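Enquirer: Starting off with a structure, shown below.
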Amino acid sequence: MMLKHHQKALESLNSATLYIVATPIGNLSDITLRALAVLQKADWICAEDTRVTAQLLGAYGIRAKLLSVREHNERQMAGKVIEALRAGQTVAQVSDAGTPAVCDPGAKLVQSVREAGFKVVPVAGASALMAVLSVAGISEPNVYFHGFLPAKSGERQKLLASWRECPYAVMAFESPHRIAAALDDIAAVLPQRQIMLAREVSKTFETFLHGSAEQVRDAVQSDADQRRGEMVLVLYPAPPQPADDTLPEEAQRVMRILSAQLPTKQAADLAAQISGAGKKALYDWAVAQKNQAG
């Protein structure tokens, strides 16, 4: 049955097409039959690191022509890929692990190929983000993916502060050498927020640490192994604030002045900093005032 579906995948592939192929993020078994078919049939495979991709191909007995397409040469190599497509060849793009063009090379190549008039087809598969989200237990429908957190503490704390009241989950990548500092900042800025640190997803030493920012930080500080490997951070949605129909008069006064000169959202941001009242409460109050006036 498996061979039958693999053969069908081979027969469904088209020439003059760029396939964006998701590869395993750890466990080599996490690859689809369609991905194997594309890698087997492709005339060229664009790889972030040809040595890493060669290991994957070797594990499945696939021999292919590899082309190094990295962040620094992506636009330049796009020309060679387009030439191959014009010649009717099939090209695959892979990253070292997971889905290309998500905080990895691939987006510029995709853009150039599409602008040249050729088809770009995704081959779905492993994704660290989707894997972590599936075990996070978040029921809210909205999730924001930020990419990598800022490297500098000041910028990182400012960004974290902007998520203080967000009603949705936030996901971000982090590197091993910055994870301790990042957790320090999260514990300082969002001390009550529940978070998850997912590490080495689908690999031998896969771990998921869950709790308050302080609890996760302490667990990482006490175990050096938790500061190694690929990491995904999840900030759970901010808990809903209790309803409070009474906004302090001083907060109302500040909001009234600011909203007369600024957009409501910006006025609420500033009024919250000045008065200490909740940003959402200020925003809702201003909207209600405008509706009454209307």
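The values are calculated or read from the model by the stated rules, or taken from the named source; none is laboratory data. What you see is a predicted model; the values in this text were computed from it and never measured. Glycine also receives a Cβ, built like all others from the backbone with ideal geometry; neighbour counts cover every protein chain displayed. The area values use the complete protein model at the heavy-atom level, side chains included, leaving out ligands, DNA and RNA. Shrake-Rupley method; radii C 1.70, N 1.55, O 1.52, S 1.80 Å.
Enquirer: Report the local net charge at residue 113: Lys and Arg +1, Asp and Glu -1, summed over other residues whose C-beta lies under 15 Å from its C-beta.
Expert: Surrounding charge for residue 113 is +2.
Enquirer: Something else: Residues with amide H under 5 Å of residue 194's amide H, sequence separation 5 or more or different chain, H placed in the peptide plane at 1.01 Å from N; which?
Expert: Amide H to amide H, under 5 Å and 5 or more residues apart or across chains, residue 194 pairs with 236.
Enquirer: So, one more: Using only the Cα atoms of the chain, construct the convex hull and provide its projected area averaged over every direction, in square nanometres to one decimal.
Expert: Average of the hull's projected areas for the chain equals 20.4 nm².
Enquirer: Also, I was wondering about something else. Which entries in 41/80; 80/119; 80/203; 65/119; 108/158; 4/65 show an alpha-carbon gap greater than 24 Å?
Expert: Violating the 24 Å limit, Cα to Cα: 80/203; 108/158; 4/65.
Enquirer: With axes computed from alpha carbons, what is the tilt in degrees of helix 153-162 against the longest principal axis of the chain, rounded to the nearest 10 within 0 to 90?
Expert: Approximately 70 degrees, to the nearest ten.
Enquirer: Could you tell me which of 5, 110, 36 has its Cα farthest along the dipole of the range 1-126 towards the positive end, charges placed at Cβ (Lys, Arg +1; Asp, Glu -1), taken about the Cα centre?
Expert: Going by the charge dipole, the pick is 5.
Enquirer: What is the spin-label model distance, in nm, from residue 261 to residue 116 if the labels are put 7 Å beyond Cα along the C-beta direction?
Expert: With each label placed 7 Å out from Cα toward Cβ, I get 5.4 nm.
Enquirer: For residue 132, what charge total do you get from the other residues with a beta carbon under 11 Å from its beta carbon, if Lys and Arg give +1 and Asp and Glu give -1?
Expert: In short, -1.
Enquirer: Ordered by residue, what ³J(HN,Hα) values in Hz, to whole numbers, does the range 267-280 give under the Karplus form 6.51 cos²θ - 1.76 cosθ + 1.60, where θ = phi - 60° and Gly and Pro are x?
Expert: Whole-Hz 3J(HN,Hα) from phi for the range 267-280: 5, 5, 4, 5, 5, 5, 5, 7, 9, x, 6, x, 4, 5.
Enquirer: Could you tell me what percent of the DSSP beta bridges with both partners in the range 129-235 are antiparallel, to the nearest 5?
Expert: 75 percent
Enquirer: State the antiparallel share, in %, of DSSP beta bridges confined to the chain, rounding to the nearest 5.
Expert: Here the antiparallel bridges make up roughly 45 percent for the chain.
Enquirer: Which value results for Rg/Rh of the range 74-131 when Rg is the Cα radius of gyration and Rh the Kirkwood radius based on the inverse mean 1/r?
Expert: We get a ratio of 0.99 for the range 74-131.
Enquirer: May I pose another question? Between residue 67 and residues 5 or more places away or on another chain, which pairs have amide H atoms under 5 Å apart, with H built 1.01 Å from N, and which residues are they?
Expert: Amide H neighbours of residue 67: 45, 46, 47.
Enquirer: Same structure again: Which percent of the accessible area of the range 114-227 is formed by carbon and sulfur heavy atoms (probe 1.4 angstrom)?
Expert: Carbon and sulfur: 53 percent of the exposed surface of the range 114-227.
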